[in-house]
1. Using a 1.4 angstrom probe on the protein heavy atoms only, could you order W150, W143 from most to least accessible area?
2. If M22, M137, M182 are ordered by their accessible area, calculated over protein heavy atoms with a 1.4 Å probe, which sequence runs from highest to lowest?
3. Within 10 Å, count the other beta carbons around each residue, average over each peptide in 9-21, 30-42, 163-175, and list them highest first.
Amino acid sequence: MKYYKYFLLSLGVIILDQAVKMLVHHTMYLGEEFSVFGDWFKIHYTRNPGMAFGIVLDHQYGKLVLSVFRLFAMVGIGYYLYYLAQKGVNEGLLWCTSLILGGAIGNVIDSTIYGVLFDLTTPNAPTPWFHGEVIDMFYFDLWRGTIPSWVPLWGGVETSLWPIFNIADSSIFVGVAIILVMQRTFFAHQQETENPKENSLEVTSENETNSNTGSTESTTAV
């Protein structure tokens, strides 16, 4: 049970993420939304064919490349979690990495099999493996309007302030955010290991100071 508990957290994130996505897909139509808290927090059914913020790789094999990249990233994060657990690093880092792993796998499932199983395309039609779209639903509608025309790239585009996301995205964001905030605590042991000479010099200096202090006290006593 040394490290299995961290993978159990990842599994919990995956189950919750997939359950919410299936609930939205089977009970709502694409584009449907309803309010949760006023007009600023809504459940809005949409599907993302690309990366975060709806960015799409505009290439014949763009979707396949993105899905394969997600798959390799998932395997890499899983191995990294196992490696960290074996090293006995700070537990906070392990829990955060577990959140990131769970979120990564959740979105990999969408892009790998959803296009085949649920015809998640527009118009609805089966797609090859690794060409599925990711289901998003949490929408914080804090501002909606048209970006001024003088803004490069996005000028004149009607948009909203925040993207629509899912449980997997939230899990990844929370894990990364906590690591960034707590990095000095999470990686303190690693920094000490990487600077053994500095630590040794500090200990030696401290011992010499104590020794000199003791000699001075002895002389004073005589």
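The values are calculated or read from the model by the stated rules, or taken from the named source; none is laboratory data. Owing to the predicted nature of the structure, the values given are computational and were not obtained by experimental measurement. A quick note on method: Cβ atoms are made from the backbone with ideal geometry, for glycine too, and the neighbour counts reach across all protein chains shown. Keep in mind that these areas ignore ligands, DNA and RNA; they rest on the heavy atoms of the full protein, side chains included. Shrake-Rupley method; radii C 1.70, N 1.55, O 1.52, S 1.80 Å.
1. Reading off the accessible areas and sorting them downward yields W150, W143.
2. Solvent-accessible surface, decreasing: M182, M22, M137.
3. Highest-to-lowest ranking by the protection proxy: 163-175, 9-21, 30-42.
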